[in-house]
Structure formats: C-alpha cells, structure tokens
C-alpha cells in the first residue's frame with residue numbers, strides 16, 4: 001500500500017527545512033526532480049524513487065483540511081499542506097516518508113497526518129534497496145491495469161491521483177483503486193473516475209473484493225480486477241443499502257455553456273451564478289486538484305484556461321463552498337469548433353431539516369440563458385449523503401428535475417419541433433421571444449416517471465438532429 005504522510009504547518013517550509021527533511025534517509029540517497037520541478041524525489045542509487053515530496057500548497061479555504069482528513073485533525077486553514085508519498089515496493093520507504101514530514105513539523109510546528117506516522121529519525125540503509133520499476137503512486141502495474149492501494153478514509157482528486165489518471169489513460173490501462181470498506185470518494189474523485197476506464201475495488205471479508213459503485217463481486221484475473229465468473233454478476237452483501245443518511249439529499253446540476261472565443265471572455269460566471277442562486281453566496285475556493293487551496297477567482301481560472309488552450313489542452317478544475325453549506329463542483333473547459341465550452345457538474349448537499357430549492361430551477365435557467373450562454377442544463381435530486389462523498393454501498397440513483405435547452409440548439413432544431421418534445425406538456429420559454437430557450441420541468445425529484453420524460457425528450461431531439 002502506498003503510504004501518504006502529510007505535514008500541516010502554519011508557515012511555508014523554507015528551502016533549509018525541506019533539505020533537512022530530504023536528508024531523513026541519510027546522505028547516500030539521491031534527489032531528483034519530477035512534475036515539471038514541483039516534486040522532489042528521494043531515490044536509490046539505481047534511481048528508483050522511494051519518497052515523493054510535493055511542493056507545499058497554501059490551503060486558505062476554511063474546512064478543507066477536516067473535509068479530506070477528518071474532523072480529528074487539529075490543523076485548520078490557512079495552513080501549508082506538504083504531502084510525502086512513499087513507494088509500497090521498498091520496506092522502510094513509509095518510515096522515510098514519516099520522517100520527512102515529521103522534520104518539517106518539528107521546525108515549523110503544526111501537525112502530521114496520520115499523527116502516528118510522524119517522527120524525526122534517520123531511516124538508513126535504503127540507498128541500495130531493490131524495488132519494482134513502477135511509477136510512484138502505483139502499487140502494481142500490469143499490461144491491463146494500474147492498481148493503486150489506498151488506506152486514506154477519503155479518496156480525493158489530488159495532484160498525484162490526477163497524474164496517475166493521465167498516465168493510465170495515456171498507456172491505455174484501466175485505473176483500479178483498492179481501498180478498505182469504510183473509504184469514501186469525494187465528488188471530484190468520483191467525477192474524475194467517471195471519465196475513463198476505471199474501477200473502485202473494495203476489500204471485503206465476506207467475498208474478497210467488490211466494485212464500490214456497482215456492488216459486483218470481483219476477483220483478480222489476467223492482470224486486473226474483474227467480475228467473478230458465473231452466468232450472472234454477483235452482488236456483495238456489503239453493498240446492500242444502509243440506514244444513516246436520515247433524509248439527506250443532493251441537488252445535482254449538469255451545465256454546459258458555449259462562449260465566443262474572444263479576449264474579453266471571463267470563465268466561471270455560469271458556475272458562480274448557479275452557486276449564488278442556490279446557496280446565496282459564491283464559491284469559497286478553487287483549484288486544479290484537491291485540497292482546494294485558493295480563494296474563488298474567475299479571472300485566475302480564465303488565465304489558466306487560456307494558457308492551457310494555447311497548448312491545445314483542456315482545463316479541469318474544482319470549486320468548493322463553505323463548511324456550513326456543502327457544495328462542490330468539477331468543471332472542464334475546452335476549446336472546440338463551437339467556441340469555448342464549459343462542462344460543469346455541481347452538487348449541493350442538504351440535511352433533512354433544510355429546504356431543497358428545486359423550485360429555483362426556472363429562475364436559474366433564465367439567468368444562465370440571459371447572461372452566460374447556456375447550451376444545456378439538467379437538474380437532478382437524489383437521496384444521499386449531505387457531505388457529498390460516495391460510500392462503498394448502494395445509494396439511490398438521482399431523479400431528474402428539469403431539462404433546459406439553450407437558444408442556439410432551439411434555433412438549430414426548430415422552435416416548434418422542440419416544443420413538441422414532451423407530449424402533453426408545454427415547456428417554459430426563456431429569453432427573447434425571437435430566440436428563446438426552452439425549459440422543461442420533469443418532476444419534483446421523487447417521481448421516477450421523470451426518467452421516462454427525459455428519455456422521451458432525448459429521443460425526440462436525437463431523431464431530429466440525425467435527420468430522422
């Protein structure tokens with residue numbers, strides 16, 4: 001299992017302190033640079049990485065440390081987050097990572113997570129250690145899969161995980177994350193895994209292993225975890241629904257915008273508008289990975305996206321709300337032949353005693369049409385954890401609330417044709433009469449027939465766009 005040790009310090013570790021940390025393995029280890037210079041690696045004489053030390057991140061967003069590491073963690077934002085990751089293929093590497101983090105905290109104060117891992121001893125005799133030649137952060141590499149074994153209580157879309165995702169996709173391998181049964185995924189991590197061949201593998205004393213999202217019993221076969229043999233996939237008993245959410249809900253939005261690509265464009269406006277409409281405040285922070293480190297800034301998001309677009313690269317970013325109003329979003333920005341597209345997935349959590357503003361969907365749709373170049377929006381409601389994490393057991397699927405089609409698509413498909421997409425129900429017209437958008441209310445989030453209505457709309461529009 002890859003061992004992660006995090007130093008949480010009130011001051012930024014300076015160069016001298018970082019060097020002291022890197023000497024935790026004695027003078028015989030080599031230091032290499034990786035990640036375009038943002039990662040320092042302690043290596044054996046043969047060049048095998050033992051510990052990867054990421055550049056310190058200044059986490060300014062309130063509640064972020066507790067969200068990812070648990071409420072028992074004493075450090076609070078703002079704090080410097082410095083993460084050390086040890087390879088699983090060398091005995092003693094985890095102890096070395098603990099010494100690196102412990103030395104940073106010994107100088108600057110703060111906390112080590114997990115607390116029992118921190119110390120300041122020299123971990124010697126690793127310079128000539130033999131190790132498997134697998135990328136740091138990956139525990140097992142086969143022709144078919146990159147397997148990562150994690151023991152963290154919450155798996156987040158960290159910098160190292162996004163790097164593993166990119167490398168797995170580049171080498172056409174399936175990413176498989178193996179965790180204990182009590183582990184949960186953050187919303188961005190779940191969104192990240194949805195975008196590529198991947199599997200969340202949960203260890204279970206009853207059946208061995210099962211898929212944390214589908215419940216299917218798994219076994220190791222030909223270099224990867226796959227469904228157990230049999231006529232029908234078996235479902236693990238551990239995946240059965242469990243009590244405990246107590247009426248908690250999640251409001252989910254999928255928003256797509258298309259903007260003209262000009263020098264005056266500022267991204268993030270649609271996300272901020274949705275956030276303000278549904279929570280009464282803008283996002284608290286944003287980053288390109290978790291933990292969320294910087295205060296919310298559409299201008300900085302735009303500058304980063306413009307720089308990456310010049311390199312023909314998309315931008316993937318995460319935004320988060322305040323601890324008293326759980327909300328989190330993943331956003332992918334890319335340049336296409338249509339212009340600059342934003343694909344936003346926003347989730348907001350509600351306790352049983354809180355009002356879920358499903359009646360705000362038409363108002364939100366109209367504001368996105370009027371000011372933020374809305375192309376499509378789908379609203380959904382589900383019974384699930386208000387903290388927006390995904391547990392390794394069954395949760396009810398979301399139920400559609402509404403569907404909005406932007407004015408460009410309505411004009412392309414024909415206003416009269418789109419209005420007939422849902423038989424017996426007239427959509428609400430939004431925006432200018434000459435070029436309107438159309439908003440369909442599908443239900444209140446409890447009516448399962450809303451799925452049939454959404455499929456009817458999709459089939460109608462797909463038939464029109466294909467010329468049927």
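The values are calculated or read from the model by the stated rules, or taken from the named source; none is laboratory data. Values in this document were obtained by computation on a predicted structure and should not be read as measured data. With ideal geometry, Cβ positions are generated from the backbone for all residues, glycine too; neighbour counts draw on all protein chains shown.
How many residues are out of contact with any strand residue (DSSP E or B) (no Cβ under 6 Å at 6 or more places or on another chain) and surrounded by fewer than 22 Cβ atoms within 10 Å (Cβ to Cβ) if we restrict to the range 103-134?
19
Name the single residue, out of those in the range 155-200 being part of a helix (DSSP H, G or I) and without any contact (Cβ under 8 Å) to a residue 12 or more places away in the chain, that is farthest from residue 252 (Cα to Cα).
170
So which of 364, 346 ends up being in the same structural domain as residue 444 (by TED's automatic domain parsing) and either more than 19 Å from residue 284 (Cα to Cα) or free of Cβ contacts under 8 Å to residues at least 12 places away in the same chain (or both)?
Being in the same structural domain as residue 444 (by TED's automatic domain parsing) and either more than 19 Å from residue 284 (Cα to Cα) or free of Cβ contacts under 8 Å to residues at least 12 places away in the same chain (or both) holds for just one of 364, 346, which is 364.
Can you pull out every residue in the range 151-185 that is more than 16 Å from the chain's Cα centre (by Cα) and surrounded by 19 or more Cβ atoms within 10 Å (Cβ to Cβ)?
The answer is 168, 173, 174, 178, 179.
I'd like to check which helices (runs of 4 or more DSSP H) are fully inside the range 397-466 and have at least 1 residues that are at pLDDT 95 or above, surrounded by 21 or more Cβ atoms within 10 Å (Cβ to Cβ) and in the same structural domain as residue 214 (by TED's automatic domain parsing).
Ranges flagged: none.
Every residue, every condition in (1) surrounded by fewer than 20 Cβ atoms within 10 Å (Cβ to Cβ); (2) at pLDDT 85 or above, yes or no:
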{"site": "6", "(1), (2)": "no, yes"}
{"site": "19", "(1), (2)": "yes, yes"}
{"site": "33", "(1), (2)": "yes, no"}
{"site": "38", "(1), (2)": "yes, no"}
{"site": "44", "(1), (2)": "no, yes"}
{"site": "47", "(1), (2)": "yes, no"}
{"site": "52", "(1), (2)": "no, yes"}
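Looking at (1) buried (at least 20 other Cβ atoms within 10 Å of the Cβ); (2) modelled with pLDDT under 85; (3) over 29 Å from residue 73 (Cβ atoms), which one does residue 2 not meet, given that it meets all the others?
Checking residue 2 against (1) buried (at least 20 other Cβ atoms within 10 Å of the Cβ); (2) modelled with pLDDT under 85; (3) over 29 Å from residue 73 (Cβ atoms), the one that fails is (3).
Only one of 65, 79, 61 is touching a residue at least 40 places away in the same chain (Cβ under 8 Å) and touching a helix residue (DSSP H, G or I) at 6+ places or on another chain (Cβ under 7 Å). Can you tell me which?
79
Out of the residues in the range 221-232 that are without any contact (Cβ under 8 Å) to a residue 60 or more places away in the chain and surrounded by 15 or more Cβ atoms within 10 Å (Cβ to Cβ), which is nearest to residue 174 (Cα to Cα)?
Taking the candidates together, the pick is 226.
Hey, among 308, 332, which residue is part of a helix (DSSP H, G or I) and either modelled with pLDDT under 95 or on the phi < 0 side of the Ramachandran plot (or both)?
When all the criteria are applied, what remains is 308.
Given 77, 88, which one is in the same structural domain as residue 22 (by TED's automatic domain parsing) and within 23 Å of residue 186 (Cα to Cα)?
Result: 77 is the single residue among 77, 88 that is in the same structural domain as residue 22 (by TED's automatic domain parsing) and within 23 Å of residue 186 (Cα to Cα).
Pick out the one residue from 214, 254, 203 that is within 24 Å of the chain's Cα centre (by Cα) and in a loop (DSSP other than H, G, I, E, B).
Only one candidate passes the filter, namely 214.
Okay, residues lined up against (1) at pLDDT 95 or above; (2) in contact with a strand residue (DSSP E or B) (Cβ under 6 Å, 6 or more places away or on another chain):
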position: 291; (1), (2): yes, yes
position: 300; (1), (2): yes, no
position: 313; (1), (2): no, no
position: 325; (1), (2): no, no
position: 351; (1), (2): no, no
position: 369; (1), (2): yes, yes
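Need the failing condition index for residue 152 against (1) in contact with a strand residue (DSSP E or B) (Cβ under 9 Å, 6 or more places away or on another chain); (2) more than 20 Å from residue 50 (Cα to Cα); (3) assigned to a loop (DSSP other than H, G, I, E, B); (4) touching a residue at least 60 places away in the same chain (Cβ under 8 Å), just the number.
Result: residue 152 passes all but (2).
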